[in-house]
Amino acid sequence: MRARFLRSFSCTLAVVYAAGALALLAWWRPQRAQLPPPPPLPDWKIQFLDYYGGRGDTTHGAFYCGLGGMRERLEKSDVILLGSSHVIFGLSAERLSQRLSERKGRPVRAYNMGTDYGEGTRFGAEALTRNGIDGKAVVLDLFHLDLRPAMTEIGNRAAQGDAFSNAVEIAQVHVNFFRDRLLEPWPCLRPEKGGHARFARRLDQILVRASASGDLVYCWLPEQGYVFPSDRKSFAIDPDDAEAWKALPNRGQSLAPGTLERLAVAGNRPFATVIPYPGAARAVPPAPACPFLPIPAEGCRTFDGSHLTPEGRERTTDALAERLAPLLP
Amino acid sequence: MLYTDTLFLLLLAAMVAVSRVLRPWPVVKEWVLIAFSLFVIASWGLTHLWIFCVVVLVNYAGAHGLARAVERGANRSARLWLAGLIAADVGALAFFKYIQFAVDNVSALLGRPSFHVPIGAPLAISFYTFHIISYLVDLRKGRVRPTTFREYLFYLSFFPHVIAGPIVRVWQLVPQIGKIRRVPTDWAIGLHDFAVGFFLKVAVANGIALLIDPLWTAAPAVSLSAPDRWAAAFLYYCQIYGDFAGYSLMALGMARLLGYRLPPNFRAPMLAASLQDFWRRWHITLSRWLRDYLYIPLGGNRVSPMRNVANVILVMALGGLWHGAGWGFLIWGLFHGTGIAAEHIARRRGLRLPDWATWLPTQVWVLLAWVFFRSPDLATGWSFAKGMFSWTDSSLALAPRFRFGLLLAVPILLHHAVPFLLRATPRRRLGLLLGAGTAIALLVDAVIYSSSETFVYFKF
């Protein structure tokens, strides 16, 4: 009886599953053919997977706990760029290093410590403190003017975890990435807010960054393909949008409480800037403890109405280097 | 690490393979499973692991002392050991879980601002505390023999049940430890249970959560009519069933794949025609624990009717609080307590109604209780519940999101019909039916996008 049950169970399971999988494969194939091809795998020797939409990012845990050699890279850096995805897309640490080195006549190393999920600068400041990183020039991008007093949920989770739990989370991001690459021929059913669900591509948004500098190598979306770098349509930022550009009346409100103090305790020198985006403040009154380095928006373009194109990244990096160089020792 | 994460699934597959290979050497196999179970706890944070280890070691040493006292016949000493250990365990649970709740409420009473206590509840403390207490009481009463350290550690840490149950008794699991068990159908039934549980969680519960989570706020973005509120409450009932029954099925399936049997935790609760029947179908292992270690020691139903009513309400209120530090959980427990007490009184007076007449009132009562269980605070719960009875017009029309949600509820209702289907199926066709069901569940599991929503009961 048991043998019969097992035979019947196994055969039915195998046949029904195989039939269903093949049917899905056949149905999805023509739709998948219209989608852009997946990007190549990162070159693991010099690149790392920053963000995979199917699971999350690796940088929160890696930065906070100094995993994967992050602590060493930050220690070796002279300039650290802190902020959200605006920093990831909008500044190039490698280019900044070159420009600063040329101006100062000595090697100056920069590292892009931008983090995803719209993280404010508080997370980065706490990560630097936790890793014992001091004596650096830290450039803070005041996206949304860093008015958030707290870290994001992702930031909090990384901060409340330890090296082990963060390492497991990083492993999960990679496992999901490889799983979806392997299962790329099949669709997935994505529930959406509001009660809809649709068949969509399995592979999700991918951000890959360079290990040595933290610079963004590419951003790839499942239905658009590469959006950074890309030949796709981009959007200009109007520098004269009067409503969007406004000065902050009070510098004290322009940074999350404790960020400057946290950085100062570690012996780091903070500098503030705003990477151009539609709606950014044009001017923030300078303060002795935190010099403001304005970056002009002229000529900058975004690919999605918020994040800069590679050309915009070059412009902002050059502008930042010009303003930062005289202030460095 | 959630049990629906791909990394966990890969590691589980590896553990199943290793268990098969190590089957002739059960001691080695169990140490490997213990190591993996501790790894699973550690994946949530090393602090959770250290706390778990300290609690386990202290209680093992204490249980040793208790067992010696019992063996010597030193009743007073045994009573002291038992009382001391239970007080320590409950004290630890109360401290970690309720300190912030106590601080908030005392501050509110004194009219002072509250402050954040930087202590979170350790993972699974509610569950392993109950496991420990059941072992200590059973040891004292001579129902179980003292376990070895390996058996004790395996019993408490076994990963399918450590985080969110089922609440397993020593006599249910320990006799299976150290044995070589060869049941050919284990892998088939285990795979079936796991696949169906995964489906209930990922496809159904997560999908419903996406629809209705935004509604449980003091000021939801959409205004809700009375029918919408009833639909939302019903969908939450389905969500928590999909989440918790799904998880429990996965736990049973994982254990079975590894060669162990755990007790079932759910038995079609939406078919319950009384609250007492509901608690024989919903979180069965918790209700049995409360009955055996709280209700019966308080006198059970062998006391005066008034005392019995008080016992029932107290036990259910504590059961509610066990779920979380919040007034909503207490209200939920009191809902069930007063309902069950009313049933006791009715039964004593000879009032009996047929099941078809009591089914709807029972389920409506359960639904109303869920509103308070889910709401972030009492005021929101009360406002939501009031809105369920504020019919501004006679229309029963539902917003589109609920219509889709009711579609998602269909698998939950079908799952309640499964026992009838199985009973009606000829034995020679069972393999076919379960094989097809498992294949469909696995296909949907593979296709559905999992957004890594945590299990509701992992938070308890």
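Yes or no, residue by residue, for (1) surrounded by 14 or more Cβ atoms within 10 Å (Cβ to Cβ); (2) touching a residue at least 60 places away in the same chain (Cβ under 8 Å); (3) not in a helix (DSSP H, G or I):
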residue: B:Ala78; (1), (2), (3): yes, yes, no
residue: B:Ala83; (1), (2), (3): no, no, no
residue: B:Ile86; (1), (2), (3): yes, no, no
residue: B:Ile133; (1), (2), (3): yes, yes, no
residue: B:Val137; (1), (2), (3): yes, yes, no
residue: B:Phe154; (1), (2), (3): yes, yes, no
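Screening B:Val28, B:Val54, B:Val16, B:Val58 for residues that are at pLDDT 95 or above, away from every other protein chain (no Cβ under 12 Å), surrounded by fewer than 20 Cβ atoms within 10 Å (Cβ to Cβ) and closer than 30 Å to A:Asp180 by Cα leaves exactly one candidate, B:Val16. Could you please find all residues in segment A:101-117 being surrounded by fewer than 24 Cβ atoms within 10 Å (Cβ to Cβ) and closer than 17 Å to A:Val139 by Cα? Passing the criteria: A:Ser101, A:Val108, A:Arg109, A:Asp116.
Here A:Trp44 fulfils each of the conditions (1) crowded, with 16+ Cβ neighbours inside 10 Å; (2) away from chain B (no Cβ under 11 Å); (3) closer than 18 Å to A:Gln172 by Cβ apart from (1). Would you confirm whether any residue within segment A:23-45 is closer than 27 Å to A:Tyr277 by Cα and assigned to a helix (DSSP H, G or I)? No: zero hits.
Got a sec? Which of B:Thr358, B:Thr338, B:Thr285 is part of a helix (DSSP H, G or I), over 30 Å from B:Ile99 (Cβ atoms) and of a type in the set (Val, Ile, Thr)?
B:Thr358
Screening segment A:161-179 for residues that are assigned to a helix (DSSP H, G or I) and among the small types (Gly, Ala, Ser) and picking the one that is surrounded by the most Cβ atoms within 10 Å (Cβ to Cβ) gives A:Ser165. Here is the figure for segment B:405-452: residues that are β-branched (Val, Ile, Thr), more than 7 Å from chain A (Cβ to nearest Cβ) and in a helix (DSSP H, G or I) total 4. Which one is farthest from the other protein chains (Cβ to nearest Cβ), of the residues in segment A:162-219 that are out of contact with any helix residue (DSSP H, G or I) (no Cβ under 8 Å at 6 or more places or on another chain) and basic (Lys, Arg)? Result: A:Arg181. Just to verify a result, which residue in segment A:55-69, among those that are over 15 Å from the mean Cα position of the chain (by Cα) and surrounded by fewer than 23 Cβ atoms within 10 Å (Cβ to Cβ), is nearest to the other protein chains (Cβ to nearest Cβ)? My answer is A:Leu67. Within segment A:13-41, the residues that satisfy the criterion of being farther than 30 Å from B:Thr438 by Cα and either touching a residue at least 24 places away in the same chain (Cβ under 8 Å) or within 14 Å of chain B (Cβ to nearest Cβ) (or both) are A:Leu35, A:Pro36, A:Pro37, A:Pro38, A:Pro39, A:Leu41. Of the helices (runs of 4 or more DSSP H) that lie entirely inside segment A:50-90, those containing 1 or more residues that are among the basic types (Lys, Arg) and without any contact (Cβ under 8 Å) to a residue 40 or more places away in the chain span A:70-76. Out of the residues in segment A:70-92 that are buried (at least 24 other Cβ atoms within 10 Å of the Cβ) and in contact with a Lys or Arg (Cβ under 9 Å, 6 or more places away or on another chain), which is farthest from A:Glu314 (Cα to Cα)? Per the stated criteria, the residue is A:Ile80. Please work out which residue is farthest from A:Thr58 (Cα to Cα), limiting yourself to segment A:184-205 and to residues that are within 25 Å of the chain's Cα centre (by Cα) and of a type in the set (A, V, I, L, M). My answer is A:Ala200.
Residues in segment A:180-205 that are assigned to a helix (DSSP H, G or I) and either touching a residue at least 40 places away in the same chain (Cβ under 8 Å) or acidic (Asp, Glu) (or both): A:Asp180, A:Arg181.
The values are calculated or read from the model by the stated rules, or taken from the named source; none is laboratory data. What you see is a predicted model, and the numbers here were worked out from it, not measured in a lab. Positions of Cβ are backbone-derived with ideal geometry, glycine not excepted, and every protein chain shown enters the neighbour counts.
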